[in-house]
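In what follows, a single structure is set out as structure tokens and then discussed.
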Amino acid sequence: MKRVLLLLPTTGYRNNDFLAAAKKLGVEIVAAANYCHQLAPSWGLAPIMALHFDQPEQAADTVLREMNGIPDAVLAVDDSGVELAAVLSERLGLPGNRAEAVRRVRDKLAFRRLLKEREFECPGFHHLPSGEDPRKLLGELKFPVVVKARRLSASRGVIRADDPEALARAVSWVRAIQARADRDAETLGLVVEEFIPGREYALEGGLHQGKLTTLALFDKPDPLDGPYFEETLYVTPSRLPQALQDCIHQEVARACRAAKLVSGPVHAEVRVNDQGIWILEVAARSIGGLCGRALTHLLGMSLEEFILRQGVAEPVPLLPAAGEDAAAGVMMIPIPRRGIYRGLDGLAAAQSVPGVTGVAITVEPGQIIAPPPDGASYLGFIFSRAASPADAEAALRVAHGRLRFDIRRAHAAL
Ligand code: ADP
């Protein structure tokens, strides 16, 4: 029986999907998690259930000390664990991406430097160290700009600024967000870069021995012009001309080679405009939240099963998407405002929209929620299948229109 060391984040959306896939495949899972190191021992959990994913070298020492035998693979459920998974694979002599490569693509400043050096389309960018006055950059900036935390995801800590006053506000706000999220925020500083106009697309793929396979290219039909960048709709197949889709694949493949990513899942975000294809991000992980469920029909299995099979080197036949319902969509249900979630109405009505294949509400009653740039979660996910991408998109919009969320004001300090 194959054994996989799986890095499970406490707040992960997909832990259960990975565990179900492992059960189906007959793969033994050795669980490692990032439960609080003070609480986990009192719950009787082993030290590998209380790892600091954000301190990969130290966490890897703990795993190597505590684990019996060498697993066939080390996999991370989401972004928070990818660097630790790479450090462990390297130290255990398992195939996979080098830790240095994963670290570089997770750091928005290091990744921009790489893109510029390799002559990709790349917005002008600057590093703004902690404590430095953003007015110092004014002589070099062309507004609008985007202010970003270095290592956060799901558009947390990303704000557009159109003038010097908005830049000052955005910098203070993003600094505060990063300070709450990253223990080494002080040493990181921020990235300030030119805003790239255009439409956005997401490529979901997999690398095997350095070769990229595109599993799906998603259109993001809602404009993402800021000042905050909450994700909503993903629809596949893309409605872009095939030649342009091929160019996006080539450009992402070239970025993976430049970044020295060679295996495992890849999720890339690109913008397209008259000047060309701009790579916003290449991540050594699969698509976030529950969005991967939109690919089940295309893969003939869950995305988690696909990743596990690839991880333990089992052959994975790729079935071409065909038939009547070849188009699929997913909506990450946006959080309309900060507050305390109390409940919702209209679930059955949303589920009954033709083409809608499921509505998963992931927020819990009583939970404090906030949209980006502060928050990094969603109310839930709506899934659709249809004959065309336009129909898959329309079904999501109709279903969303039927949901009524009860969100109460939270105390300002929350
Ligand atoms: P994250 O890793 O949190 O998703 P990104 O750097 O990908 O952070 O930015 C999140 C979103 O913000 C992007 O999907 C895009 O919509 C927008 N964005 C980021 N950088 C730029 C930019 N330079 N120009 C235009 N939009 C941007």
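Along the Cα-to-Cβ line of residue 313, 7 Å from the Cα, sits a label point; which residues in segment 61-102 have backbone N less than 16 Å from it? Hits in segment 61-102 for residue 313 at 16 Å: 70-75, 89-90, 92-97.
For segment 207-346, the convex hull drawn through the C-alpha positions has a volume of 159 cubic angstrom per residue.
How many angstrom lie between the C-alpha centres of segment 122-191 and segment 264-299? Segment 122-191 and segment 264-299 have Cα centres separated by 24 Å.
Kirkwood's formula applied to the C-alpha pairs of segment 124-194 gives a hydrodynamic radius of 11.8 angstrom. If you run the Gaussian network model on the chain, springs between alpha carbon atoms under 10 Å, then out of 243, 259, 328 the most flexible one is 243.
Label-to-label distance for residue 30 and residue 187 is 2.9 nm, based on points extended 7 Å past Cα in the beta-carbon direction.
Summarising the amide proton neighbourhood of residue 33: residues at separation of 5 or more, or on other chains, whose placed amide H is nearer than 5 Å comprise 8, 49, 50, 51.
Largest GNM mean-square fluctuation among 100, 230, 165, using the chain with Cα springs under 10 Å: 165.
Across every pair of non-identical alpha carbons in segment 321-414, the mean reciprocal distance, once inverted, gives a Kirkwood radius of 14.0 Å. The GluC sites (Glu not before Pro) of segment 259-306 include none that DSSP puts in a loop with a beta carbon having at most 13 other beta carbons within 10 Å. Length available on full extension from residue 228 to residue 100: 0.36 nm per residue minus the Cα-Cα distance, which gives 43.1 nm.
Radius of gyration over Kirkwood radius for segment 3-104, both on Cα atoms: the Rg/Rh ratio is 0.94. The residue 349 and residue 240 beta-carbon pair, evaluated with R₀ = 35 Å, returns a calculated FRET efficiency of approximately 0.60. Here the simple spin-label model places points 7 Å from the Cα toward Cβ, and for residue 118 and residue 194 these points are separated by 2.0 nm.
Between 60, 348, 284, the Gaussian network model of the chain with springs among Cα atoms under 10 angstrom shows the greatest mean-square fluctuation at 348. With the convex hull drawn around the C-alpha atoms of the chain, the volume per residue stands at 150 Å³.
Each value in this text was obtained by applying a stated rule to the coordinates, not by laboratory testing. Please read all numbers here as calculations on a predicted model, not as lab measurements. As a convention, Cβ positions derive from the backbone with ideal geometry for all residues, glycine included, and neighbour counts pool all protein chains shown.
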